[in-house]
Amino acid sequence: MQAPTSDAAVDLYWIPLGAGGHSVRFNGRVFEALVAAREHRARRDLYHAALVIESDGDRYAIEVAPSPDADEASRGVVATGAVGSRRLRRLRLFRYEVRCWRGGSIPDLGEAVGGPCRVTTDPRGVRRLLDLVPSVPTPVWGRDELSAGEMWNSNSVAAWLIASAGLAVDTARPPRRGRAPGWDAGLVVARRQMVMTTLPRARPATR
């Protein structure tokens, strides 16, 4: 599946958790079963978000993924973070990477449900989002280090980028009967940071 061509566009894809990987799918179902039981609700399908950007004739794949090797430049890696614990970050197995891959691809994009959700075609908004990718927060994956109310993951990164770029997030929601763990964490952190940057600075005390 390819994103629709446009001079400028941000497309959000919802990929079923574990697409192409049986162990991830099984673990996701177990996780959702436990959360649903705790919250006394029906189980939902789990999704993770990926972004595809069109800008000035170039196509960028933005996603969060495990770090397979040291050749990060070939995948457009702009940031890395720890998985599970900061103490284990030196081990590549416990490291994730944020990619802004020009001309790159996203595994399992063809499994996305409902096709692309077009977030914007405003060139300025597209550029703002691209410029923000290297500064995305990289707390420990799977934990709530930023006190956002839920764990940080790939959905958090996508939500943070969309909200921080000032783009509409109301329609950027998972398919019906689905949910995206970590999405709200990205929104909370983005809004918190925007509030902090707009607060007036205290004037220095004068004698």
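Quick note: the coordinates plus some simple rules give every number you see, no bench work behind them. The shown structure was predicted, so the numbers you read here are calculated from the model rather than taken from an experiment. Here the Cβ is made from the backbone with ideal geometry for all residues, glycine too, and neighbour counts use every protein chain on show.
Below are the figures for this structure:
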quantity	calculated
Rg/Rh (Cα only; Kirkwood hydrodynamic radius) as it applies to the range 106-154	1.06
Distance in nm between pseudo-label sites at E145 and V195 (7 Å out along the Cβ direction from Cα)	2.2 nm
Extension gain from R127 to D7, taking 0.36 nm per residue of separation minus the Cα-Cα distance	42.0 nm
Taking the C-alpha atoms of the range 8-197, convex hull volume expressed per residue in Å³	126 Å³
Cβ-based charge dipole, the range 116-176, positive-most Cα from P139, W152, A168	A168
R87 versus E72: modelled label distance in nm, points set 7 Å from Cα along the beta carbon direction	2.3 nm
